[in-house]
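**Q** Sharing a structure here in structure tokens format.
Every number in this text was worked out from the coordinates using simple rules, so none of it is lab data. All values reported here derive from a predicted model rather than from experimental measurement. Cβ coordinates were reconstructed from backbone atoms using ideal geometry, including for glycine residues, and neighbour counts include every protein chain displayed.
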Amino acid sequence: MKKIDTDLILNTGAIMPSIGLGTWKSLPDKAGQAVLCALMNGYRHIDCAAVYRNEKEIGVSFKKVFEDKIRDREEVFITSKLWNSEHKKEDVRKACEATLSNLNLEYLDLYLMHWGVAIPHKETLEAGWTVGLDSDGVIIREKVSIRETWEAMEELVELGLVKAIGVSNFTTMMLVDLLSYAKIKPAVNQIELHPYLQQTELLEFCKRNGIILTGYSPLGSPGNNKDKGLPILVEDSIILAIASSHNKSPAQILIRWGIQRGTVVIPKSVTEERIKENLNVFDFELSGEEMNKIAELNKNFRFVNPYDWWKIPYFI
């Protein structure tokens with residue numbers, strides 16, 4: 001069987017585990033326990049964000065894990081993200097320090113610009129996803145350039161608050177612009193990535209430019225979309241057939257597909273059995289024929305489409 005590394009190397013030289021625990025939509029009272037379960041069962045990568053509103057609970061688990069020496073801090077790769085309301089130069093450091101305080105950490109391994117869109121600072125996280133909308137339901141934007149925000153994030157590296165910086169939900173053209181002035185190249189671009197949304201051209205661009213792609217919603221967010229009439233990726237007949245042939249779950253096939261493409265995957269779960277199962281994907285390999293069959297599933301379909309709430313043609 002071809003060896004698939006459990007780690008990827010960032011352009012900073014740092015090691016980033018290819019599977020992490022996602023925490024988006026994990027309720028605060030469950031997120032901390034899920035992180036504790038993951039770190040006690042072999043995970044070395046946790047993906048967080050300020051807007052998920054569960055970082056304080058996750059921070060309690062980090063404190064226990066590191067103080068009780070269940071894991072050393074240096075063993076665990078921790079990501080968080082700068083929210084849209086904190087894009088002004090004077091707000092970036094304060095937002096990062098607030099996240100560090102909530103997570104009980106001295107530094108982050110990776111800090112991402114969550115979206116390339118700024119919104120007014122007065123809008124608070126507690127107000128939810130509908131903050132800052134005009135009477136037509138279109139997001140109210142703040143006049144803050146990506147360059148201003150990125151340069152402030154570069155200062156976080158210089159201060160030692162973060163080891164690496166990157167972006168999330170960036171298109172190729174946004175990356176081309178960012179690379180034209182960035183003194184510190186983005187290490188990661190985190191995007192929605194799964195067989196229904198394969199983003200092959202963006203993956204190729206990032207590989208050529210030394211940027212790792214992290215895929216969120218790698219399982220198609222089945223728990224969030226089952227009642228919305230959306231396609232259920234884990235029930236796709238091709239994925240089910242491949243899973244049966246390997247005696248694996250559909251989720252394991254989707255995760256394995258992601259890491260065989262050279263990407264990082266961050267499946268979310270708060271269930272101990274599934275948390276363990278999602279990491280158990282290094283004892284088999286998808287064949288070239290199976291990878292080709294999965295490649296044919298691409299629909300350019302987004303389970304997470306910001307146009308639904310921003311009314312911005314963000315991905316053109």
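**Q** Can you say whether P231 is touching a helix residue (DSSP H, G or I) at 6+ places or on another chain (Cβ under 7 Å), within 26 Å of N189 (Cβ to Cβ), in a loop (DSSP other than H, G, I, E, B) and not β-branched (V, I, T), as far as the supplied structure shows?
**A** Answer is no for this residue.
**Q** If you don't mind, there's one more thing I want to ask. From the residues in the range 68-88 that are in contact (Cβ under 8 Å) with a residue 24 or more places away in the chain and more than 24 Å from V265 (Cβ to Cβ), which one is surrounded by the fewest Cβ atoms within 10 Å (Cβ to Cβ)?
**A** K88
**Q** In this structure, does V92 turn out to be touching a strand residue (DSSP E or B) at 6+ places or on another chain (Cβ under 7 Å) and of a type outside the set (S, T, N, Q)?
**A** Yes.
**Q** Another question, then. Give the residues of the range 167-216 that are in contact (Cβ under 8 Å) with a residue 60 or more places away in the chain and either in contact with a His (Cβ under 7 Å, 6 or more places away or on another chain) or aromatic (F, W, Y) (or both), sorted by residue number.
**A** Of everything in the range 167-216, those that are in contact (Cβ under 8 Å) with a residue 60 or more places away in the chain and either in contact with a His (Cβ under 7 Å, 6 or more places away or on another chain) or aromatic (F, W, Y) (or both) turn out to be S168, Y196, Y216.
**Q** Now, a different point. Restricting to the range 32-67, name every residue that is in contact with a Pro (Cβ under 6 Å, 6 or more places away or on another chain) and free of Cβ contacts under 8 Å to residues at least 60 places away in the same chain.
**A** R44, N54, E57 - these are the residues of the range 32-67 that are in contact with a Pro (Cβ under 6 Å, 6 or more places away or on another chain) and free of Cβ contacts under 8 Å to residues at least 60 places away in the same chain.
**Q** Which of the residues belonging to the range 164-208 are of a type in the set (A, V, I, L, M), in contact with a helix residue (DSSP H, G or I) (Cβ under 9 Å, 6 or more places away or on another chain) and under 17 Å from E151 (Cβ atoms)?
**A** A164, I165, V167, M174, L175, L178, A182, I184, listed by residue number.
**Q** For the range 272-293, which residues satisfy the criterion of being under 22 Å from the mean Cα position of the chain (by Cα) and either touching a residue at least 60 places away in the same chain (Cβ under 8 Å) or closer than 16 Å to L193 by Cα (or both)?
**A** Listed by number, the residues that qualify are E272, I275, K276, N278, L279, V281, F282.
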